[in-house]
Amino acid sequence: EVPADALGRSVACGLLMSNGMPDDHVVQLTTSGDGPLRGVVSICTGAGGIRGYVGNPSLQQYNLRDAVGSGTVRVIKNHPSWPNPYNGITEIRKGDIDEDVGLYLAESEQRSCG
């Protein structure tokens, strides 16, 4: 249950961040925490392609915040013509992925989200 919740939140955030981008742009969202979930990764393209995984898909009996733990939220945006990808990193403060991505957007990209 918790791994599916974490992956769903990460993929939803990645899809929202990639919405409106050219088809060949890629957004990778990585939540790297010290909790038993052992991280969540989602990769989304401007064309709407998605893939993702969690470090421990069989985790049970944890709430999401404890499963994620402390660590970082990293966003990588890339396009085949860019010489280097854009990297942004912030600290995990809430542990629920979507709020932490919202904090990342406010701090690193100065974008608001609802």
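Considering only segment 78-92, I want to know if a residue exists there that is touching a Pro at 6+ places or on another chain (Cβ under 6 Å) and open to solvent by less than 90 Å² (accessible area, probe 1.4 Å). Within segment 78-92, one or more residues are touching a Pro at 6+ places or on another chain (Cβ under 6 Å) and open to solvent by less than 90 Å² (accessible area, probe 1.4 Å). A search for C-beta distances below 6 Å between a residue of segment 30-47 that is touching a residue at least 12 places away in the same chain (Cβ under 8 Å) and any residue that is assigned to a loop (DSSP other than H, G, I, E, B) and among the hydrophobic types (A, V, I, L, M, F, W, C), counting only pairs 6+ apart in sequence or on different chains, returns Thr31/Ile97; Gly33/Ile92; Pro36/Leu59; Leu37/Leu59; Gly46/Met21.
Residues of segment 93-106 that are in contact (Cβ under 8 Å) with a residue 12 or more places away in the chain and open to solvent by 80 Å² or more (accessible area, probe 1.4 Å): Lys94 alone.
Would it be correct to say that Asp24 is of a type in the set (D, E, K, R) and part of a loop (DSSP other than H, G, I, E, B)? Break it down stepwise before answering.
Values: of a type in the set (D, E, K, R): yes; part of a loop (DSSP other than H, G, I, E, B): yes.
So Asp24 passes the test.
Taking segment 15-40 as the region of interest, how many residues are buried (at least 16 other Cβ atoms within 10 Å of the Cβ) and more than 12 Å from Val73 (Cα to Cα)?
Filtering segment 15-40 for residues buried (at least 16 other Cβ atoms within 10 Å of the Cβ) gives 15, 17-18, 21, 25-33, 35-40.
Restricting the remaining residues to those that are more than 12 Å from Val73 (Cα to Cα) gives 15, 17-18, 21, 25-27, 35-38.
Summing the residues that are buried (at least 16 other Cβ atoms within 10 Å of the Cβ) and more than 12 Å from Val73 (Cα to Cα) in segment 15-40 gives 11.
The values are calculated or read from the model by the stated rules, or taken from the named source; none is laboratory data. Computed from a predicted structure; not experimentally measured. Note: ideal-geometry Cβ built from the backbone for every residue, glycine included; neighbour counts use all protein chains shown. Keep in mind that these areas ignore ligands, DNA and RNA; they rest on the heavy atoms of the full protein, side chains included. Shrake-Rupley method; radii C 1.70, N 1.55, O 1.52, S 1.80 Å.
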